[in-house]
Amino acid sequence: MAELGISIVDEQYVSQLLIADGGCFGAFAFDLHDGSRTAFVADAVVLCGGGHTRLWRRSSSRRDENFGAAMALALRAGARLMDMELVQFHPTGMVTPEEAAGVLVTEAVRGEGGRLYNANGERYMVRYDPQRMELSTRDRVALANYTEIAEGRGGPHGGVFLDITHVGKELIVTKLPRMYRQFIEYQMLDISREPMEVAPTAHYSMGGIVVDHETHAADIVGLYAAGECTAGLHGANRLGGNSLTETIVYGRRAGEAAAAFSVDSDVTVRPRRVIDEASRELDEMVRPGSELARPLQRALRDAMWECCGVTRNEASLRDGLARLDGIRGAVADVDVRPSAEGWSDLAQLLDLRAGLLAGETTVRGALARRESRGCHYRTDYPELDSALQLSFHTQLDDNGRPRDPWGMPIPPVPGELQPWLDRVGPIEVANRLLE
């Protein structure tokens, strides 16, 4: 980056986008160490802040990321979000120790012959996909694992058992070296001798900010987005590996479009009052209180896991909204005390606020999608509904709360791409891992 003359400013937390007259003219941030504040003024802003999978109790995301910050920033700026209910759960994540709960156990383990068993010793995938067994799709294996656990056939730590011991240590060390080391490091477990206990883990956000597919421009003039925080590319169930391609292809498109917009901008409105209001908002959050952000984040993650997880239904989702409202009621009394240790209290509060917005839009989207499609499974609507081949959009209302989603038709496949789809034909799936 230095060779390109691009400055990197690390350890800054963006609290909000700077908006005036329907356009974005920058972002307001504070330093995580000393609390100093900066208005980053720009002709164009590109959001690349990841998804919202850390909102679930088990997640493959690291601790302080993917609370939906980029989605919340765009939503508060006036942009639309879309299909937030479409969240991919990877079938196999670690369950212990606590700090490793949700860490990914790659599906290469199943690809190399790993078998799934419940606590009764049953190889249960025969009940869910007898043809493909453990080589089935992520959503089907995740649903199978979740069902076995929910119905009381899970192990001592709330997981099922993934067994690769029968293939031999040499193959494991050669083909799965990272998994071999990972379980030794976290659990002192030799996976060539003992099975792993695993459970589904929130892995990828298919929904997010509505952007133009060519430029990745959002609804707000001067605002662009790329990567997992955007919606539309992956449909209802992302294929493995596509997210990496997405960051390269659409990251470049967003960057080029933002640069072109900036070059063509003659005059940008940058009111001082907007910057002052952003600073005052942070001032109001720094105060003593009786609540702590971390426990409230845990309550949020528990609510999302239990009410809007691998399976959902009307009753659980309504309960989820009520639990989120209860957490929201405690936000105003969160204790924020900057110290010599830094400004992490304020960052955690902002993560919580973003997570509540992203979580509510997700639950409301799941309520609106009365069907099962891709990664979204409603136990009260288990079938696909052709009438709901829609994308569900939402924005904030005048009170700063997410509106009930409205459906919009999905655009048809472009004419130049249809022949490619027609030529593919049936795909042979026997003995192949389906991602």
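Working only within region 207-231, note down all residues that are under 20 Å from residue 396 (Cα atoms) and either assigned to a helix (DSSP H, G or I) or hydrophobic (A, V, I, L, M, F, W, C) (or both).
209, 210, 211, 217, 218, 220, 221, 223, 225, 229, 231
Based on this model, can you work out whether residue 175 counts as basic (Lys, Arg), touching a residue at least 60 places away in the same chain (Cβ under 8 Å) and farther than 30 Å from residue 392 by Cα?
Yes, satisfied.
Restricting region 266-287 to residues that are closer than 13 Å to residue 21 by Cβ and surrounded by 10 or more Cβ atoms within 10 Å (Cβ to Cβ), which is nearest to the chain's Cα centre (by Cα)?
Per the criteria, the residue is 274.
Which residues, taken from region 143-202, are of a type in the set (Gly, Ala, Ser), surrounded by fewer than 18 Cβ atoms within 10 Å (Cβ to Cβ) and under 30 Å from residue 378 (Cβ atoms)?
150, 152, 158
I'd like to check something: does region 424-432 contain any residue that is surrounded by 13 or more Cβ atoms within 10 Å (Cβ to Cβ), assigned to a loop (DSSP other than H, G, I, E, B), among the β-branched types (Val, Ile, Thr) and touching a residue at least 60 places away in the same chain (Cβ under 8 Å)?
yes
Considering only region 159-190, how many residues are under 18 Å from residue 123 (Cα atoms) and either among the β-branched types (Val, Ile, Thr) or assigned to a helix (DSSP H, G or I) (or both)?
Kept after step one, since they are under 18 Å from residue 123 (Cα atoms), are these residues of region 159-190: 159-167.
From what's left, either among the β-branched types (Val, Ile, Thr) or assigned to a helix (DSSP H, G or I) (or both): 160, 164-167.
Residues flagged as under 18 Å from residue 123 (Cα atoms) and either among the β-branched types (Val, Ile, Thr) or assigned to a helix (DSSP H, G or I) (or both) within region 159-190 amount to 5.
Mind listing whichever residues of region 388-418 are acidic (Asp, Glu) and either crowded, with 22+ Cβ neighbours inside 10 Å or in contact (Cβ under 8 Å) with a residue 12 or more places away in the chain (or both)?
Of everything in region 388-418, just one residue is acidic (Asp, Glu) and either crowded, with 22+ Cβ neighbours inside 10 Å or in contact (Cβ under 8 Å) with a residue 12 or more places away in the chain (or both), namely 404.
Looking only at region 22-50, filter to residues that are among the acidic types (Asp, Glu) and within 20 Å of residue 280 (Cα to Cα); which one of those is surrounded by the fewest Cβ atoms within 10 Å (Cβ to Cβ)?
Across region 22-50, the extreme among qualifying residues is 34.
Going by the conditions given, is residue 101 crowded, with 24+ Cβ neighbours inside 10 Å and not basic (Lys, Arg)?
no
Being in contact (Cβ under 8 Å) with a residue 40 or more places away in the chain, within 30 Å of residue 373 (Cα to Cα) and out of contact with any Ser or Thr (no Cβ under 8 Å at 6 or more places or on another chain): is that true of residue 309 here?
yes
Count, please, the residues in region 145-180 that happen to be modelled with pLDDT of 95 or more, among the hydrophobic types (A, V, I, L, M, F, W, C) and more than 19 Å from residue 112 (Cβ to Cβ).
The total comes to 1.
Across region 30-61, what is the number of residues that are more than 14 Å from residue 348 (Cα to Cα) and either part of a strand (DSSP E or B) or free of Cβ contacts under 8 Å to residues at least 60 places away in the same chain (or both)?
Here the count works out to 10.
Residue check: is residue 289 farther than 30 Å from residue 43 by Cβ and in the same structural domain as residue 349 (by TED's automatic domain parsing)?
yes
Of these, 197, 185, 170, 134, which one is at negative phi, among the acidic types (Asp, Glu) and in contact (Cβ under 8 Å) with a residue 40 or more places away in the chain?
Residue meeting the stated conditions: 197.
Which of the residues that make up region 368-387 are buried (at least 21 other Cβ atoms within 10 Å of the Cβ) and assigned to a helix (DSSP H, G or I)?
Those that are buried (at least 21 other Cβ atoms within 10 Å of the Cβ) and assigned to a helix (DSSP H, G or I): none in region 368-387.
Going by the conditions given, is residue 230 crowded, with 24+ Cβ neighbours inside 10 Å, free of Cβ contacts under 8 Å to residues at least 60 places away in the same chain, of a type in the set (Ser, Thr, Tyr) and within 28 Å of residue 101 (Cβ to Cβ)?
Yes.
The values are calculated or read from the model by the stated rules, or taken from the named source; none is laboratory data. Worth saying up front: this structure is predicted, and the values here are computed from it rather than measured. No Cβ is skipped: glycine too gets one built from the backbone with ideal geometry, and neighbour counts run over all protein chains shown.
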